[in-house]
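Participant: Can you read through this structure? Questions will come right after.
The values are calculated or read from the model by the stated rules, or taken from the named source; none is laboratory data. Keep in mind it's a predicted model, so treat the numbers as computed, not measured. Quick reminder, even Gly has a Cβ in these numbers, built from the backbone with ideal geometry, and neighbours come from all protein chains shown.
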Amino acid sequence: MTLKQVAEVEFPTRWACFRLLAFEAVHVNTKTGKDCLETVLALVLGDLHSFPPLVRIHSQCTTGEVFQSLRCDCHDQLHLALRVIAEEGAGVLLYEQQEGRGIGLIEKLRAYELQDRGFDTVDANLHLGHVVDSRDYAVPTQLLHFLGFRSIRLMSNNPEKLKAVLDSGIQIIERVGADVPATPYSNRYMSTKRNRLGHLISSPADSPAKESDSIQDALLSEAHAEAGASSGDYRGGFWRIS
Ligand SMILES: [Zn+2]
């Protein structure tokens, strides 16, 4: 993989004034086997090296984030992450251009057509000839290493993201839930994410909290076992761009 920083700007938002770093990476996606040029934005805020920072790896969703579609939870999760990072005064949001779990906007809309005919999000992708989730998280995890992190707090409900971070050799000392309210339009999508993709989404209806906790404990135990003595090696001071 080649990874390079291509821009850096001051980035004021309604939540905080971040630094925005733009990266481009060329790599072979391990899920699809295809060469790809991937763009990732890193919104960084505050002191990231005195304590394991809060990190969110977020995938682009034009329908949710631009048009505030209620079919998914992406818009609310993005705003939740930015708000919590701002409230804590430090953290990183990595924004991947991976629309529709990597299949692109038009294919996502074709998948929506199938969902309107009764398919769920998993079967719709498969019916269109895609893998269920084509994101391999190689670029964002490489970027976490590039930013100098050995240990983080990860905001995610997605076990594949947790595993990708752990497999890259970065410790997760805490999983922070990215739970946002469902809508009547997103209920089915979110229950598919929970039941077929294993997402750790809290649901008052079937009380998955205990199960989620046990999965989280297992993942974090695995992290600690694999990471060994790598904790506690943080650079002091604020994140600075060289
Ligand atoms: Zn979405």
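Participant: Suppose we filter 89, 100, 104 for residues that are crowded, with 22+ Cβ neighbours inside 10 Å and farther than 24 Å from residue 202 by Cβ; which single one remains? I'd like the intermediate steps shown before the answer.
Facilitator: Working: 89 fails: crowded, with 22+ Cβ neighbours inside 10 Å; 104 fails: crowded, with 22+ Cβ neighbours inside 10 Å.
Exactly one of 89, 100, 104 is crowded, with 22+ Cβ neighbours inside 10 Å and farther than 24 Å from residue 202 by Cβ, namely 100.
Participant: Got a number for residues in the stretch 29-78 being touching a residue at least 60 places away in the same chain (Cβ under 8 Å), more than 13 Å from the chain's Cα centre (by Cα) and within 21 Å of residue 172 (Cα to Cα)?
Facilitator: Selection size over the stretch 29-78: 9.
Participant: A further question on this structure: Take the conditions more than 21 Å from residue 135 (Cα to Cα), crowded, with 18+ Cβ neighbours inside 10 Å and not charged (D, E, K, R) and apply them to residue 82. Does it pass? If you could, list the steps in order and put the result at the bottom.
Facilitator: Numbers: more than 21 Å from residue 135 (Cα to Cα): yes; crowded, with 18+ Cβ neighbours inside 10 Å: yes; not charged (D, E, K, R): yes.
Yes.
Participant: May I ask you to say which residue of 206, 136, 213 is assigned to a loop (DSSP other than H, G, I, E, B) and at pLDDT below 85?
Facilitator: On the way: 136 fails: at pLDDT below 85; 213 fails: assigned to a loop (DSSP other than H, G, I, E, B).
After applying the criteria, what remains is 206.
Participant: Here is a further query. For the structure I just gave you, tell me whether residue 115 is among the polar types (S, T, N, Q), farther than 20 Å from residue 160 by Cα and assigned to a loop (DSSP other than H, G, I, E, B). Before you say what the answer is, go through the steps one by one.
Facilitator: Working: among the polar types (S, T, N, Q): yes; farther than 20 Å from residue 160 by Cα: yes; assigned to a loop (DSSP other than H, G, I, E, B): no.
The answer is no for residue 115.
Participant: Here is a further query. Restricting the search to the stretch 139-156, which residues are within 24 Å of residue 179 (Cα to Cα) and either in a loop (DSSP other than H, G, I, E, B) or touching a Pro at 6+ places or on another chain (Cβ under 6 Å) (or both)?
Facilitator: We begin by selecting, within the stretch 139-156, every residue within 24 Å of residue 179 (Cα to Cα); these are 140-141, 144, 151-156.
Correct list: 151, 152, 153, 156.
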